[in-house]
Amino acid sequence: MREGRLTAERAPEEPRRLVRVDLRFVVAGDVPPDRVERAIALSREKYCAVWHSLRQDMEFTTSYEIRKAEVAR
């Protein structure tokens with residue numbers, strides 16, 4: 001993975017808890033999309049304790065971008 005970008009939206013009233021989180025992964029290289037999707041799914045379903053600690057009523061979305069490796073000339 002090259003980087004991750006997180007954006008969030010807060011509730012308008014106190015307590016201004018997070019009501020929506022968007023996590024975007026940027027992957028570098030010649031990686032098949034199905035592999036990226038599988039890695040994200042495994043993180044969400046099995047391995048990431050933070051994901052499982054978040055409130056169930058919070059909207060949490062993920063997306064990804066694959067940046068192909070540049071060929072040096």
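Each reported figure results from applying straightforward, stated rules to the coordinates on display, with no laboratory input. What you are looking at is a predicted structure, and each value in this text was computed from that prediction instead of being measured. Here the Cβ positions follow ideal geometry from the backbone for every residue, glycine too, while neighbour counts run over all protein chains shown.
Things to note:
Yes/no matrix, rows are residues, columns are (1) among the aliphatic types (A, V, I, L, M); (2) within 15 Å of the chain's Cα centre (by Cα):
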site: ASP30; (1), (2): no, no
site: ALA41; (1), (2): yes, yes
site: GLU45; (1), (2): no, yes
site: ALA49; (1), (2): yes, yes
site: HIS52; (1), (2): no, yes
site: GLN56; (1), (2): no, no
site: TYR64; (1), (2): no, yes
site: ARG67; (1), (2): no, no
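- Verdict on GLU3 being without any contact (Cβ under 8 Å) to a residue 60 or more places away in the chain and exposed (fewer than 10 other Cβ atoms within 10 Å of the Cβ): no
- Residues satisfying the stated conditions in the range 18-73, i.e. touching a strand residue (DSSP E or B) at 6+ places or on another chain (Cβ under 9 Å), in a loop (DSSP other than H, G, I, E, B) and within 21 Å of ALA8 (Cα to Cα): LEU54, ARG55, ASP57, MET58
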